[in-house]
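Written out below as structure tokens is the structure these notes cover.
The values are calculated or read from the model by the stated rules, or taken from the named source; none is laboratory data. These numbers come from a predicted model, not from an experiment. Cβ coordinates were reconstructed from backbone atoms using ideal geometry, including for glycine residues, and neighbour counts include every protein chain displayed.
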């Protein structure tokens, strides 16, 4: 583990350490320690990012509760993707009456927030929302930015909601994230796919250094059954003991038998190049302020915080697919929207076939459509609904989608529907395909009509 990461742990253990560093006029720094035959040596201080000094304040200058932001904006500069940066924003209750902080909220799940009250003896404790903060009380808001999966310039905000007579306050963090490992695609996206035979998609990986590098891949969680992957160097550099290349290819394959539905598989690609300046270690995927005050954690569902963080440059690549059944409706739900009484409207759904073995039966016999209530019983006001089927031809205005071998368009018209005292009608459409002896499972689509008064 890098020395500066160890030093970062020390900063977190000494909760007042940032306040001391904040008094420095130029930068947040660390020193790397090395051991030699002459004893312990300390290397020159390493600049992580610039810090401005804390702004002074006058206690009691504002009548009522007032919050002074001693440092409200920090720029982390340019960092490698995967690095973590942490900074303390000092706040002080400076009015003539106690201040109350109602909530502290980050704008993004990539930024975790902790808030602590500094006691008169210098010891920290967790802030409790709504507590009395007497004039002179110091509060430190710790913001930690995790650049994993981020790229480009971003400005993140932390909103502080209080009863300050002068209004709310925003704390800002600016950062430029650069990727060392670069993929030519955002992720390996199969889209909507029926894997009647193996289907493969790829991501090509290069480095921003434009030098040969080694690479290894591993799933970040257990892969679904039927999902496999390979990682290969495109042109291997000769004479190396371990494979190195300028370009690598990650290939993910879906085989027949993979489960239907949404498939997501994350992969961790780790180079053999040491990751300098990772910064502090990332926090678990929780929000300490929210936890201590009974709020829901402010964590982006798509974040990868909590996954293993290598000590070499790395890249998270997600593979995703919507795995289709052999025959499927393009939507499981039809909405006719708000329908004025006794007016007319229509909605449509396409029934698609992706299996060559079922195609002849699918197209040879016109499907049978039945409209029922949600449980399969008789549908009230059934005479107001007219289903119409059209086989999709090759020259159709709306052509077949990728991989689709044949399709039927089902349009359902509604006319003369009043609801008769009920303003909402729900039901189910059953589409039987391929005739009486067909092996094709029926397709079910639910629908809803709402009568506009």
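Is it true that residue 384 is over 18 Å from residue 329 (Cβ atoms) and either touching a helix residue (DSSP H, G or I) at 6+ places or on another chain (Cβ under 8 Å) or surrounded by fewer than 17 Cβ atoms within 10 Å (Cβ to Cβ) (or both)?
So residue 384 does not fit the description; no.
Answer with yes or no whether residue 350 is closer than 30 Å to residue 256 by Cα and surrounded by 15 or more Cβ atoms within 10 Å (Cβ to Cβ).
yes
With 429, 440 as the choices, which residue is in contact with a helix residue (DSSP H, G or I) (Cβ under 7 Å, 6 or more places away or on another chain) and either in a strand (DSSP E or B) or under 18 Å from residue 365 (Cα atoms) (or both)?
440
Out of 334, 359, 379, 389, report the one residue that is under 26 Å from residue 197 (Cα atoms), surrounded by 13 or more Cβ atoms within 10 Å (Cβ to Cβ) and in contact (Cβ under 8 Å) with a residue 12 or more places away in the chain.
359
Answer yes if at least one residue in region 431-441 is touching a residue at least 12 places away in the same chain (Cβ under 8 Å) and under 15 Å from residue 345 (Cβ atoms), and no otherwise.
No, because not a single residue in region 431-441 is touching a residue at least 12 places away in the same chain (Cβ under 8 Å) and under 15 Å from residue 345 (Cβ atoms).
It is to be established whether one or more residues within region 389-410 are under 24 Å from residue 260 (Cβ atoms), in contact with a helix residue (DSSP H, G or I) (Cβ under 7 Å, 6 or more places away or on another chain) and outside the structural domain of residue 193 (by TED's automatic domain parsing).
Yes, there is a match, as at least one residue in region 389-410 is under 24 Å from residue 260 (Cβ atoms), in contact with a helix residue (DSSP H, G or I) (Cβ under 7 Å, 6 or more places away or on another chain) and outside the structural domain of residue 193 (by TED's automatic domain parsing).
Yes or no: region 399-409 includes at least one residue that is out of contact with any strand residue (DSSP E or B) (no Cβ under 6 Å at 6 or more places or on another chain) and without any contact (Cβ under 8 Å) to a residue 40 or more places away in the chain.
Yes: one or more hits.
As an exercise: evaluate residue 40 against (1) at pLDDT below 90; (2) in contact with a strand residue (DSSP E or B) (Cβ under 8 Å, 6 or more places away or on another chain); (3) in a loop (DSSP other than H, G, I, E, B) and give the number of the one condition it does not meet.
(3)
Give me the pairs: first residue in region 111-127 and in contact (Cβ under 8 Å) with a residue 24 or more places away in the chain, second residue part of a loop (DSSP other than H, G, I, E, B) and surrounded by fewer than 22 Cβ atoms within 10 Å (Cβ to Cβ), beta-carbon distance under 6 Å, and six or more apart or on different chains, which are they?
What qualifies is 112/283; 122/16; 124/15.
Are there any strands (runs of 3 or more DSSP E) wholly within region 104-171 with 1 or more residues that are touching a helix residue (DSSP H, G or I) at 6+ places or on another chain (Cβ under 9 Å) and more than 30 Å from residue 220 (Cβ to Cβ), and if so which?
111-118, 124-126, 138-146
Results for (1) part of a strand (DSSP E or B); (2) surrounded by 14 or more Cβ atoms within 10 Å (Cβ to Cβ); (3) in contact (Cβ under 8 Å) with a residue 24 or more places away in the chain, shown as yes or no for each residue.
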{"site": "197", "(1), (2), (3)": "no, no, yes"}
{"site": "200", "(1), (2), (3)": "yes, yes, yes"}
{"site": "205", "(1), (2), (3)": "yes, yes, yes"}
{"site": "209", "(1), (2), (3)": "no, no, yes"}
{"site": "221", "(1), (2), (3)": "no, no, yes"}
{"site": "230", "(1), (2), (3)": "yes, no, no"}
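For the structure I just gave you, tell me whether residue 251 is assigned to a strand (DSSP E or B), crowded, with 19+ Cβ neighbours inside 10 Å and either in the same structural domain as residue 316 (by TED's automatic domain parsing) or in contact with a strand residue (DSSP E or B) (Cβ under 9 Å, 6 or more places away or on another chain) (or both).
No: the conditions fail for residue 251.
Is it the case, given these coordinates, that residue 103 is farther than 30 Å from residue 317 by Cα, modelled with pLDDT under 95 and in contact with a strand residue (DSSP E or B) (Cβ under 7 Å, 6 or more places away or on another chain)?
Yes: the conditions hold for residue 103.
Scan region 273-296 for residues that are surrounded by fewer than 14 Cβ atoms within 10 Å (Cβ to Cβ) and either in contact with a helix residue (DSSP H, G or I) (Cβ under 7 Å, 6 or more places away or on another chain) or modelled with pLDDT of 50 or more (or both) and report the count.
Here the count works out to 3.
Would a scan of region 75-93 turn up a residue that is farther than 20 Å from residue 176 by Cβ and in a loop (DSSP other than H, G, I, E, B)?
Looking for residues that are farther than 20 Å from residue 176 by Cβ and in a loop (DSSP other than H, G, I, E, B), one finds none in region 75-93, hence no.
Have a look at 167, 136, 152 and point out the one that is under 17 Å from residue 82 (Cβ atoms) and surrounded by fewer than 14 Cβ atoms within 10 Å (Cβ to Cβ).
Within the list 167, 136, 152, the selection yields 152.
Kindly indicate whether residue 181 is in contact (Cβ under 8 Å) with a residue 40 or more places away in the chain, farther than 30 Å from residue 247 by Cα and surrounded by 22 or more Cβ atoms within 10 Å (Cβ to Cβ).
So residue 181 does not fit the description; no.
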